[in-house]
Amino acid sequence: MNELVTKTEALIKKAKKLSERYQASEEANRQLKMEIEALKNSIEAEKGKADGLKNELKIVKLARSIQPGTPDEDANITELKRKINEYIREIDSCIAMLND
């Protein structure tokens with residue numbers, strides 16, 4: 001009978017330890033989930049910054065291409081202006097079709 005009591009007490013101790021370990025792992029899991037969420041938010045913010053920088057880079061490249069310089073650059077400017085005018089005419093055409 002004494003042996004049964006000892007085994008039962010040992011089993012109870014193991015169950016308590018297991019319960020404590022479970023609670024600790026649940027807390028660690030909760031903290032990790034919070035950290036994952038924070039990192040996801042950080043990634044989204046960085047993606048937004050990267051997109052903004054890409055747009056700025058496009059604008060800088062466009063501005064540099066418009067500045068007068070060598071004859072080759074002047075040809076690029078003329079071509080760029082021609083394309084812009086072409087796009088404007090297409091947009092005007094689309095607006096006219098929508099108004100009809």
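The values are calculated or read from the model by the stated rules, or taken from the named source; none is laboratory data. Source: prediction; values computed, not measured. Backbone-built Cβ (ideal geometry, glycine too); neighbour counts: all protein chains shown. Quick note on the areas: whole protein, heavy atoms, side chains included, nothing else; ligands and nucleic acids left out. Shrake-Rupley method; radii C 1.70, N 1.55, O 1.52, S 1.80 Å.
Between (1) 1.63; (2) 0.94; (3) 1.19, which entry matches Rg/Rh (Cα atoms, Kirkwood Rh) as derived from the coordinates of this structure?
(1)
At R0 = 30 Å, how high is the FRET efficiency between Leu57 and Glu90 if r is their beta carbon distance? Nearest 0.05 is fine.
0.70
Measure off 7 Å from each Cα along the Cα-to-Cβ vector at Val5 and Ala75, then give the distance between these two points in nanometres to one decimal.
Result for the modelled spin labels: 10.4 nm.
Ignoring everything except DSSP H segments at least 4 long, calculate the 222 nm mean residue ellipticity for the chain; use -39,500 (n - 2.57) per segment, divide by total residues, nearest 500.
About -35000 deg cm²/dmol.
Would you work out what percent of the accessible area of the chain, with all protein chains in place, is carbon or sulfur (probe 1.4 Å)?
Carbon with sulfur: 61 percent of the solvent-accessible area.
How far apart, in nm, are the 7 Å Cα→Cβ label points at Asn99 and Ala50?
Label-label distance for Asn99 and Ala50, simple model: 4.3 nm.
Go through the range 76-93 residue by residue and turn each phi into a ³J(HN,Hα) via Karplus (6.51, -1.76, 1.60, θ = phi - 60°); whole Hz please, and just put x for glycine and proline.
Residue by residue, the range 76-93 yields 5, 5, 4, 5, 5, 4, 4, 5, 4, 4, 5, 5, 4, 4, 5, 5, 4, 4 Hz.
Quick check: net charge around Met34, other residues with Cβ under 15 Å of its Cβ, Lys/Arg +1 and Asp/Glu -1?
-1
Which listed residue (Val5, Leu53, Ile36) has the Cα farthest towards the positive end of the charge dipole for the chain, taking +1 on Lys and Arg C-beta and -1 on Asp and Glu C-beta about the Cα centre?
Positive-most Cα among the choices belongs to Val5.
Putting +1 on Lys and Arg Cβ atoms and -1 on Asp and Glu Cβ atoms, find which of Cys94, Ser25, Asn76 reaches farthest to the positive end of the dipole of the chain.
The Cα lying farthest towards the positive end belongs to Ser25.
For the chain, how many pairs of lysine residues have a Cα-Cα distance under 25 Å, where the two are 8 or more positions apart or belong to different chains?
The result is 17.
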